[in-house]
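The values are calculated or read from the model by the stated rules, or taken from the named source; none is laboratory data. Source: prediction; values computed, not measured. In this analysis, Cβ positions are derived from the backbone assuming ideal geometry, glycine residues included, and neighbour counts consider all displayed protein chains. Side chains are part of the model used for accessible areas, which takes the heavy atoms of the whole protein and leaves out ligands, DNA and RNA. Shrake-Rupley method; radii C 1.70, N 1.55, O 1.52, S 1.80 Å.
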Amino acid sequence: MLNSTLCTLLGIRYPVLQGGMAWVADAPLAAAVSNAGGLGIIAAMNSNGEQLRAEIRRARGLTDQPFGVNIMLMSPFAAEVAKVVVEEKVPVVTTGAGNPSPYMKEWLAAGIHVIPVVPSTALARMVEKRGACAVIAEGCESGGHVGELTTMALVPQVADAVKIPVIAAGGIADGRGMAAAFMLGAVGVQMGTRFLVAEECTIHQNYKDKVLAAKDIDTVVTGKRLGHPVRTLKNAMSRRFTEAEYDSSLSNEEIEKMGAGALRRAAREGDTENGSLMCGQIAGLVHEAMSCRAIIEEVCGDAEKLLKGAGSWVK
Ligand code: TUI
């Protein structure tokens with residue numbers, strides 16, 4: 001059994017968080033992960049306050065275990081959903097794509113465990129000072145919105161920069177990745193891509209099939225010119241977007257418009273050519289649809305064996 005301070009902190013059995021993936025991480029997925037002993041997370045990204053409230057209540061009907069909500073700070077609804085997590089007494093809030101400081105006092109006063117995603121040691125230090133109970137150090141191998149640093153470089157530097165627990169994310173989908181993350185100083189992992197194809201994940205089967213078929217080099221980062229780089233599977237949409245980014249006759253607003261609705265088209269309508277299939281670099285080793293429970297038990301079981309056996313490397 002992997003005994004981690006994160007389990008005690010959050011009241012969970014396995015030190016595994018499910019990424020708060022926009023248009024993907026709904027109540028059924030979050031509840032399945034929490035029922036399996038990890039921390040399931042609902043993505044608030046595409047919801048307004050009342051939609052998020054309904055999703056939180058739906059999750060409560062599916063699990064009696066703790067779960068979290070991810071707030072994407074670039075969302076136009078960020079301030080609204082920030083209030084709803086307080087009203088609904090959500091035990092854990094993770095944040096992404098920005099600095100959560102403006103909301104932290106209110107969340108902490110409500111007894112919420114705040115766990116921001118940080119792409120740098122500077123933001124890790126800042127949120128520790130403001131009361132975060134842990135941070136997620138997410139490398140640019142991950143799907144969706146990405147920072148600059150890799151997991152390998154980011155995790156140990158963040159672990160040295162703060163005293164609070166560090167959760168590693170980006171490029172982790174099996175026991176080897178989890179064991180490596182622990183060696184880098186993490187006490188837990190967050191996985192997104194592996195849960196994209198979980199049996200309980202409600203995204204369109206076409207999206208899942210593309211993830212299952214993906215190879216190591218099948219993702220690309222677009223959106224750098226707009227200031228929010230996003231990793232997706234390569235398809236017609238990503239190619240059009242890349243071309244547009246190099247076209248100086250187009251304004252940023254025009255390019256931004258091309259991306260509107262693309263996530264929903266992929267995740268809910270199954271449009272794998274004109275949708276945005278957010279996905280991490282590790283997709284090449286995700287071959288099989290499994291239940292959340294089987295995923296968590298396999299990843300943690302394999303990590304445990306590797307960590308226990310690590311002594312044999314040293315004479
Ligand atoms: O947030 C994510 N992943 C996401 S959000 C998303 S929705 C979206 N859709 C279209 C365009 C852009 C986003 C899809 N995937 N991951 C967590 C994450 N946060 N990765 C990197 C960061 C991050 C970056 C900068 C966190 C903080 C930050 O701070 C900058 C600052 O203000 O200090």
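Please enumerate the residues belonging to the range 226-243 that are within 14 Å of the ligand (Cβ to nearest atom) and crowded, with 18+ Cβ neighbours inside 10 Å.
Correct list: VAL230, ARG231, THR232, LEU233, MET237, SER238, PHE241.
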Scanning for something in contact with a strand residue (DSSP E or B) (Cβ under 7 Å, 6 or more places away or on another chain), surrounded by 15 or more Cβ atoms within 10 Å (Cβ to Cβ) and within 28 Å of LEU6 (Cβ to Cβ), does the range 195-204 turn up at least one residue? yes
Exercise. Tell me, please, whether a residue that is assigned by TED's automatic domain parsing to the domain that holds GLY188, within 16 Å of the ligand (Cβ to nearest atom), touching a Cys at 6+ places or on another chain (Cβ under 9 Å) and not in a strand (DSSP E or B) can be found in the range 28-47.
Key: yes
Note on LYS224: of the conditions (1) free of Cβ contacts under 8 Å to residues at least 60 places away in the same chain; (2) charged (D, E, K, R); (3) out of contact with any Asp or Glu (no Cβ under 9 Å at 6 or more places or on another chain), unmet is (3)
Within the range 61-111, residues being within 16 Å of the ligand (Cβ to nearest atom) and on the phi > 0 side of the Ramachandran plot number 2
Flagged in the range 112-131 as in contact (Cβ under 8 Å) with a residue 12 or more places away in the chain and away from the ligand (no atom under 12 Å from the Cβ), in numbering order, are ILE112, HIS113, VAL114, GLU128, ARG130, GLY131
If we ask which residues in the range 83-101 are under 21 Å from GLY227 (Cβ atoms) and in contact with a Leu (Cβ under 9 Å, 6 or more places away or on another chain), their number turns out to be 6
The residue that is nearest to the chain's Cα centre (by Cα), considering only those in the range 147-157 that are crowded, with 23+ Cβ neighbours inside 10 Å and within 12 Å of the ligand (Cβ to nearest atom), is THR151
Filtering the range 33-52 down to residues that are under 20 Å from THR202 (Cβ atoms) and open to solvent by less than 40 Å² (accessible area, probe 1.4 Å) yields VAL33, SER34, ALA36, GLY38, LEU39, GLY40, ILE41, ILE42, ALA43, ALA44, SER47, LEU52
Of (1) under 18 Å from the mean Cα position of the chain (by Cα); (2) open to solvent by less than 50 Å² (accessible area, probe 1.4 Å), THR63 fails just (1)
_For the structure I just gave you, tell me whether ALA169 is over 16 Å from VAL24 (Cβ atoms) and either outside the structural domain of GLY270 (by TED's automatic domain parsing) or among the polar types (S, T, N, Q) (or both)._
no
